[in-house]
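Reviewing the structure listed below.
The values are calculated or read from the model by the stated rules, or taken from the named source; none is laboratory data. Computed from a prediction, not measured in an experiment: that's the story for all the values here. For neighbour counting, all protein chains shown are included, and Cβ atoms are generated from backbone atoms with ideal geometry for every residue, glycine included. The protein model used for the area step is the full one, side chains on, heavy atoms only, and it has no ligands, DNA or RNA in it. Shrake-Rupley method; radii C 1.70, N 1.55, O 1.52, S 1.80 Å.
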Amino acid sequence: MNRYTVAVLVRNRFGVLNRVTSMFRRRQFNISSLTVSETEVPEFSRITVLFDGAEAQKQQLVSQLYKLPDVCFVRELSPEASVSFELMLIKLEAGADEKNEILATAGEFDAKIVDESEDTIIFQVAADSHELDSCIRLMQKFTILEICRTGCVSLEKGRTTIREMFNQ
């Protein structure tokens, strides 16, 4: 199985997200990450989906997505030709005796402290999903109280934009 990142440009209308995600469900793809937001033009939204599957099934899915009302353009984003990030907030129990070690470990991931109390610390980490997974693995030697992650956001490198491709 391969991992794919697909950006779907859609008209910003009620029910579009449900129709798009239902297409993944009907094709039996498990969505690993889903991010949706308005674009630089409010009439459009961008759905970024990270999922695993076979190449032939992915091609069929993309063809089927184009048949949905309000889907304007679908673009697969390869790791080499795009920039992808996730945001994670991680809250750790941080007693005085382990705080320095926690800070050193967090520093390996350019984590930013966003809240600190007497016995807890919350870090913000922005990285690709593999790096966030590595961060979690290293932080497991401490007491993780809570983790919250966004979905993957991804943009194609260079001048090309998904809206330009749709308008061609």
### Task
With a cut-off of at most 16 other beta carbons within 10 Å, and DSSP calling the residue loop, which chymotrypsin sites (Phe, Trp or Tyr not before Pro) in segment 54-130 qualify? Please list them.
Y66
### Message
Tell me the relative contact order for segment 1-94 as a rounded percent, counting alpha carbon contacts under 8 Å between residues six or more apart.
### Response
40
#### Entry: Rg/Rg_globular for segment 73-152, with Rg_globular taken as 2.2 N^0.38 Å and Rg from C-alpha atoms
1.23
### Query
How much mean residue ellipticity at 222 nm does the chain get from its helices, if each DSSP H run of length 4 or more adds -39500 (n - 2.57) and you divide by all residues, to the nearest 500 deg cm²/dmol?
-8500 deg cm²/dmol
## Note on the structure
Which of (i) 1.16; (ii) 1.06; (iii) 1.19 gives Rg/Rh (Cα atoms, Kirkwood Rh) as computed here? It is (ii)
### Message
Restricting to DSSP loop positions (anything but H, G, I, E, B) with no more than 10 other Cβ atoms inside 10 Å of their own Cβ, which GluC sites (Glu not before Pro) remain in segment 59-140?
### Response
E80, E118
### Message
Once each part is reduced to its C-alpha centroid, what is the distance from segment 1-58 to segment 59-138 in angstrom?
### Response
19
### Query
If the cut-off is a Cα-Cα distance under 29 Å, which lysines reach K67, setting aside same-chain residues fewer than 8 apart in sequence?
K58, K157
### Residue (of L89, I162, G151) at the positive-pole extreme of the chain, dipole from beta-carbon charges
I162
### Query
Accessible area of S78, 1.4 Å probe, to the nearest 10 Å²?
40
### Query
Given a Förster radius of 25 Å and the C-beta distance between Q28 and T150 as r, what FRET efficiency does 1/(1 + (r/R0)^6) yield to the nearest 0.05?
0.50
### Summary
Two pseudo-spin positions, 7 Å from Cα along C-beta at L87 and at E101, lie apart in nanometres by 3.1
### Query
Tell me, in nm to one decimal, what length is gained between F14 and Q124 on full extension, where the rule is 0.36 nm per residue of separation less the Cα-Cα distance?
36.4 nm
### Message
If the only charges are +1 at each Lys and Arg Cβ and -1 at each Asp and Glu Cβ, what is the size of the charge dipole of segment 30-120 around the Cα centre, to the nearest 20 debye?
### Response
740
### Task
Could you check the simple spin-label distance between Q140 and R163, using points 7 Å along Cα→Cβ, in nm with one decimal?
4.2
### Message
Quick check on packing: order 3-16, 33-46 by the mean number of other C-beta atoms within 10 Å, highest mean leading.
### Response
3-16, 33-46
### Task
Report, to the nearest whole %, how much of the accessible area of segment 38-168 belongs to carbon and sulfur atoms, 1.4 Å probe, protein only.
49
### Task
Please give the per residue accessible area of the chain, computed with a probe of 1.4 Å over protein heavy atoms only, in Å².
58
### Task
Give the relative contact order (percent, whole number) for the chain; include only Cα pairs under 8 Å separated by 6+ residues.
27
### Summary
Quick calc: nm separation of the 7 Å Cα→Cβ label points for D133 and E108 -> 1.7
